[in-house]
Structures are given as structure tokens and as C-alpha cells.
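The values are calculated or read from the model by the stated rules, or taken from the named source; none is laboratory data. In this text, all values refer to a predicted model and were calculated from it rather than measured experimentally. Ideal geometry is used to build each Cβ from the backbone, glycine not excepted, and the neighbour counts take in all protein chains shown. Protein only, heavy atoms only, side chains kept; ligands, DNA and RNA dropped before computing areas. Shrake-Rupley method; radii C 1.70, N 1.55, O 1.52, S 1.80 Å.
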Amino acid sequence: MYGDLGNKLVQHAKRTQNLSHLPPYQTELVRAVTREVRDLDKDVADLLEPFQGSFNPANDQATACTLLVNHLSMRRNKRCLLAYHRTRADRLEELVWKGYDVVDLAGQQVRDGQGGFNGPPGMATGNGGTSSLSPQEEDYVRQYSDLLAAYKGQWTDIDLTGSLEPPRDLFIDVRVLKDAGEIQTEYGAITLTKNSQFYVRQGDVERLIAQGYLQKLS
Amino acid sequence: MDIDDILREVDPTFDSIPEDTRDLQALTRAWVAERSSPELLDWPIDGLFERINERIKQQIEKIEEMTGDMDPKTNFALIVIQTELERYKYLVRSYLRARIAKIDKHTLHYLSNPVIRARLSPPELAYATRHQALLHNHYLSSFLSSFPAPLQNLNDTAGNISMIDAPDLDTAVFIRLLGDTRVEGRGTDEDGAMDGKNGDIVILRWSDAKKLVDTGVAEIV
């Protein structure tokens, strides 16, 4: 009671910040904290009921104190919930920017039983079978992707989600990690077969590097 | 862009520089400033980005034209132009991303105040509004909807703590003075002031540096 559970959520959020993958959504905790807020609100209403709107804190300091603590706990719980969801949403947005198909990835992560986001193996979701995102989060990701695509559409020539490393060379060496089929470049078509090596224009293959098909050799 | 470029800009002969070079300098300056200042700066209003977009398009077309040519000489020129284009695009991309990152971090702060709101470009404004709506919806469907009604707001100021997070305007920035001026700064213990000379580089709080930068006697480095 009084914010214990909220604290747990914040600890989860803090932990999420340092993890390379997204831990499963704490449905139970979120529900429990929300329930706590509702209970507290009911308590407040019950406490105030006999006064019929004419409550004077100076006359009944004990009740006033209870009310204050209840109010503060409610607000605190709300902040904890907001912080928890915001941390996760930020993480998801980051993934969307990087061009991952997040919803797909989350499902895959569970199936593979290992960190899908380049995380160390064995650190994956504890309750196998379900996605580590809540349904609401999946919705959010989908809508955010649309939003980002719309914003990107205004800068078609720039490729907003491209690399944020300053470009040094026009051409780079890449090694193919996974078969990626044939791609079209200005210098003709290249067939990317596994383990082969190419000297290509960076702009042409940036997407494929981000998706893990190619590896940049320095 | 190095110091010479900046010095040339304050030179009286500045106007002799062609417009496209000046735009590149303006872009570079905007980019540097945006990346080092803690809060969002004004979106350039003089159509800088329209011109930049136009130019990028032109270069892409030019490259496409030249690709057909097999002459080794054009090939070399092609590589130079392509490299230059990639760098130009990087500047724009990095600039836009820096702004988006700031907007995402303090969305409500930038949206709730009309003066600050004017710093956003129309597409950014649309993006920020939509993003905030998405977030709010996400909160609502996740837990807020089952809260008691008085607690459902996202902009409470109860208990003197505003829920809207604002950027820290007191973080330090480096500025270079573009003219002789008096620099005043607030300190933790006492305030300090000094007579700055053209070209001096000073580190000071952004809240103090802002008026110097706004009046054009200093720039962020």
C-alpha cells in the first residue's frame, strides 16, 4: 500500500534503461498500482462523506493527515506509472527510428528464446508464449511508425532515418552475413550471397546494414 | 567550415560570397548551434530549407545525368559530387534529428507556450502534436482511463510541481564572440562580468548566453 508497488515499477523502468532488449510488460504490476489508486480514491471519498462538503482541516487534524497521505500516494503512483510507460515508449520509438519492425521482432524474440535486440542469449522474456509488449504498446508502435513515415515523407531526399555518423567515404567494403538477393545500384545489379564481399556505395546499402544483412568492414 | 569561414562571415566583404555558399554556412551554423544548445532554437524562417531541398534535388538529377557517361573524367567528378552530396545530406539529417530529439523530450513544454511554439516549423508542429496525442492515448488505454477523473490530466501543477518537464536552461555552452562586448554571467556564489573581445571563446550558462546569441554578437560553437 501507499506506493510500494509504484516503486517496483520505477525500478523496472530503471532496469530497462540499462538493458539492451525490452523486458516483458508488467501487466500485473500496472494493474495492481491502478487498483491501489482507485482504492485510495474510494477511501478519500469515504472519509469525506460524513462531512458533506464542509470539511475543516483545523478541526480534525488526524483525518486531514490521512487525506493528505492518500492524495500524495495517488499522485506518486500516477507519476510512477507515467515514468514506466514513458521509458518503454521511448525505447520503442528508438527501435522504430532504427527501422526495426518492432511488433514482428517482439514476437520473434519470444520464439527464439533469446534477446532479439542483439541482447545476450538467455535474458529473454520469462513468461514464454506472450509478446513482451502490451497490446496497447503494439498499437502505439504501429501508430508511431505511421507518424514517423509521414514526417519522413516531407524529407524524401534526405533519408531521415539514415546513419548519424558523418560520412567519410562514398564507397565502403561490406561482407554479406545473410542472403539478401539482388539489389539495384547505379552501377548495375549486385547479387548478395552469403559470405561474399563487395565494395559498394554506402548510400545503397545503408538499409541492409541496419537490418543486419551486411556488415561494414573498416 | 573552420575559423576562417566564420571570420570571413563577419568581414565587410561578406556579401561577395555567392548565395549557395552562404546557405551552406548558415546550415552549418544552425547545425552546430542546435546540437550544442540545451533548448530548441528558432526554425530558420527565410526559406533556407526550401532552397536547400531544391539544391539537393538538382544535385541528384545531375548525378543521374552523369552516371550514363563512361568518360573517366566525369567519373571522377561524379565521385566528388556524390561525396559532397552525402555530406550535405548528413548535415540536414543531423540537424533535423537534433531538433526532433529535443521536441520529443519536452513535447508538452514546446506545445503549451505560444512563444516557444513559434520556434517549430509547421511539419514539426504537426509531428509534435500528433506524437503527444499518441502518447496520451497510450497512457489512457494503458492505465489512465481507470483513474479517478481529477487525476487524468497530464499537465497538473498541484503542489507547486508542474508535470510539464522543461529543458534545463542553466547548462553550460561555449560561445564565440563576434564583436567586443561585455559578458555577464550568473554564478552559484556571485555573479561575474568581463569585457570580451572579438573572437574570444567563453563558457557560460545558456540562460546568460542566449541574449548575446540572439542579438548576434556571439555564436555557439
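For the reader, a short list of remarks on this structure follows.
- Working from label points 7 Å from Cα in the Cα-to-Cβ sense, the A:Tyr2 to A:Asp169 distance is 6.5 nm.
- At R0 = 25 Å, FRET efficiency that the Cβ-Cβ distance of A:Gln211 and B:Val80 yields, to 0.05: 0.25
- The range B:168-221, Rg to Rh (Cα coordinates; Rh as Kirkwood inverse mean 1/r): 0.93
- Pairwise burial A:B, computed as accessible area of each alone minus the pair, summed, 1.4 Å, Å²: 4400
- Seen against the Cα atoms of chain B and their longest principal axis, helix B:72-105 is set at about 10 degrees.
- Peptide-level mean, for A:142-155, of C-beta atoms on other protein chains within 10 Å: 4
- Take the Cβ atoms of A:Tyr199 and B:Glu64, set R0 to 22 Å, and the FRET efficiency comes out at 0.55.
- Candidate cross-link partners of A:Lys42 among the lysines, defined by an alpha-carbon separation under 26 Å and a same-chain spacing of 8 or more, comprise A:Lys8, A:Lys78.
- Here B:Lys62 is the anchor, and the lysines within straight C-alpha reach of less than 17 Å, apart from those fewer than 8 places off in the same chain, are B:Lys73, B:Lys89.
- Eligible aspartates and glutamates near B:Lys210 by straight Cα distance, threshold 15 Å, same-chain separation 8 or greater: B:Glu34, B:Glu39, B:Asp42, B:Asp168, B:Asp170, B:Glu184, B:Glu219
- Nearest-0.05 FRET efficiency for B:Val115 and B:Ala193, computed from C-beta distance (R0 41 Å): 0.90
- Overall, the accessible surface of chain B at a probe of 1.4 angstrom is composed of carbon and sulfur to the extent of 54 percent.
- Take the convex hull of the alpha carbons in the range B:58-217; its mean projected area over all directions comes to 16.5 nm².
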